[in-house]
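Worksheet: one structure, shown below.
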Amino acid sequence: MTVTRFAPSPTGYLHIGGLRTALFSYLWARKNGGKFLLRIEDTDERRNNHEATEAIIEAFKWVGLEHDDEIFFQSERKALYTQYIQQLLDENKAYYCYMSKEELDVLREQQMAAKERTRYDGRYRDFDGETPGDTAPVVRIKAPLSGPIVIRDGIKGEVVFQAEDILDDFIIARADGTPTYNFVVAVDDALMGVNEVIRGDDHLSNAPKQIVVYEALGFEPPRFYHVPMIHNQDGKKLSKRDGATDVMAYKEMGYLPEALLNFLVRLGWSHGDQEIFSFEEMCALFDPKDINKSASVYNTEKLDWLNAHYIKNSSNATLVTLLEPYGITLVSHDKKEILLDALKDRAKTLKEMATMVDEIVSTPKTYDAKAVKKAFKGDAKAILEDFILKLQVRDEMHLPSDYHEAMEELVNEKGIGFGKIGQPLRVALLGKLSGPGLDTGMAVIGKEESIRRISSAVTGIDS
Ligand code: GLU
């Protein structure tokens, strides 16, 4: 059975790059009818693990990723790690090292002076002398000191490290008994049956040490997939300056979870030239063998394009619910269908859509001075007054086309261009020159409110 996992160190929020590898791991487990585990790597006690864990769970809920089994917390598994450290000590595969910090510093300086790689020199590896009483020992694992360490990587191929270039007998337990990072990752993955590890390639350099731990404990190493990083447009690692890194910030900005997942699945993975993937399609088609070997590039326009697609394809009932967190209540608005049909083709985000709705349904509080200057010249006010009369004599005014006809009739009678009425009308209704179609806007607010807004502009605007 395929068992994958996502193993975040709690940093306070779920990082967008983390969500991408979590998604890859999730999809691969689902596709194979396997399991996707969530493990919180919270051995660093200085951090607030509870809040950070909540933030990860909240983000998982929002995008709809479900993990199997209970959530594992490394902070609750200390006894297990101690047991395996003891096992390695008993089997003489690990040993106590009493080297003090000062001695380590001296060694380091000597190695640097000799232009050698700085590394622990193994002086306590097979030590049988008198141990110094004043230094609490660390536990070091006996690592292979020469020869190849081979990583079977599903993206990078076979990656071969030479032990003499990268390894020394590294520490697996600190002087206070706490286990170190690479040790616990390997122990946990092995004990949890994780056999496919999909993670960022910033962890590739940890893999040899983890393999040493696997081998010492007699566990079978997993198959690794080290996914290339997400880069910005300049080819550098993605940072906060390029776009939000906190997943929940995307919710606030008005992105749909479907759009975000679709965006992320395509960052580094492809299936032909298909761009749009429903969740079901992703589950059916994802295969880590199709992950690109080079870094992917973060592109906001692409995300906006996908988001616009998902907004456009949402039902109006869904949009009513989605707009609520942005302060827009349309449940009982009798023209919500007209309004949403018109706006869902225009909005890139829910936030933008909420602003557009608000601009239509709320009476303008101010009139944009530049727009007034541009639109209210000549006989603009007289044209608006004539338009009020046109509206007053018409009874059945429901659809955008009803309003369009009224405007058309007026411009034809007066022999003027559409802009002559369009511009002042826009300022009167919306307070500015940009915005959605006027016929739609008037149909949404209705005849009475349209007349009220136009009259207020005629009397209230000095021109
Ligand atoms: N805890 C590590 C991190 O958050 C990930 C460990 C792993 O995936 O092996 O970067």
- Would you confirm whether any residue within region 30-43 is part of a helix (DSSP H, G or I), in contact with a helix residue (DSSP H, G or I) (Cβ under 9 Å, 6 or more places away or on another chain) and away from the ligand (no atom under 14 Å from the Cβ)? yes
Of the residues in region 392-410, those that are farther than 18 Å from ARG453 by Cα and free of Cβ contacts under 8 Å to residues at least 40 places away in the same chain come to ASP395, GLU396, SER401, GLU405, GLU408, GLU409, LEU410
Is it true that LYS390 is in a helix (DSSP H, G or I), under 23 Å from GLU359 (Cα atoms) and not hydrophobic (A, V, I, L, M, F, W, C)? no
Those residues of region 194-206 that are within 20 Å of ARG140 (Cα to Cα) and within 9 Å of the ligand (Cβ to nearest atom) come to a total of 1
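Starting from residues that are open to solvent by 10 Å² or more (accessible area, probe 1.4 Å) and farther than 15 Å from THR82 by Cβ, keep the ones in region 177-193 and report whichever is farthest from the ligand (Cβ to nearest atom).
The qualifying residue farthest from the ligand (Cβ to nearest atom) is GLY193.
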Restrict the check to region 79-97 and report whether at least one residue is assigned to a loop (DSSP other than H, G, I, E, B), surrounded by 16 or more Cβ atoms within 10 Å (Cβ to Cβ) and among the aromatic types (Phe, Trp, Tyr). no
Subset of region 430-458, residues under 21 Å from VAL393 (Cβ atoms), hydroxyl-bearing (Ser, Thr, Tyr) and open to solvent by 20 Å² or more (accessible area, probe 1.4 Å), comes to SER455, SER456
When (1) in contact (Cβ under 8 Å) with a residue 60 or more places away in the chain; (2) surrounded by 14 or more Cβ atoms within 10 Å (Cβ to Cβ); (3) part of a loop (DSSP other than H, G, I, E, B); (4) over 16 Å from the mean Cα position of the chain (by Cα) are applied to LYS293, the one that fails is (2)
Restricted to region 1-29 and to residues being β-branched (Val, Ile, Thr) and more than 8 Å from the ligand (Cβ to nearest atom), the residue surrounded by the fewest Cβ atoms within 10 Å (Cβ to Cβ) is THR2
Log entry, pairs with first residue in region 165-181 being acidic (Asp, Glu), second being outside any loop (DSSP other than H, G, I, E, B) and at pLDDT 95 or above, beta carbons closer than 7 Å, six or more apart or on different chains, reads ASP169/ARG140; ASP169/ILE141
If we ask which residues in region 207-248 are in a helix (DSSP H, G or I) and either within 16 Å of the ligand (Cβ to nearest atom) or touching a residue at least 60 places away in the same chain (Cβ under 8 Å) (or both), their number turns out to be 12
The condition of being of a type in the set (Lys, Arg), buried (at least 17 other Cβ atoms within 10 Å of the Cβ), more than 30 Å from THR4 (Cβ to Cβ) and away from the ligand (no atom under 16 Å from the Cβ) holds, among LYS101, LYS142, only for LYS142
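The values are calculated or read from the model by the stated rules, or taken from the named source; none is laboratory data. Worth saying up front: this structure is predicted, and the values here are computed from it rather than measured. Please note: Cβ atoms are built from the backbone with ideal geometry, for glycine as well, and neighbour counts cover all protein chains shown. Accessible surface areas use protein heavy atoms only, side chains included; no ligands, DNA or RNA. Shrake-Rupley method; radii C 1.70, N 1.55, O 1.52, S 1.80 Å.
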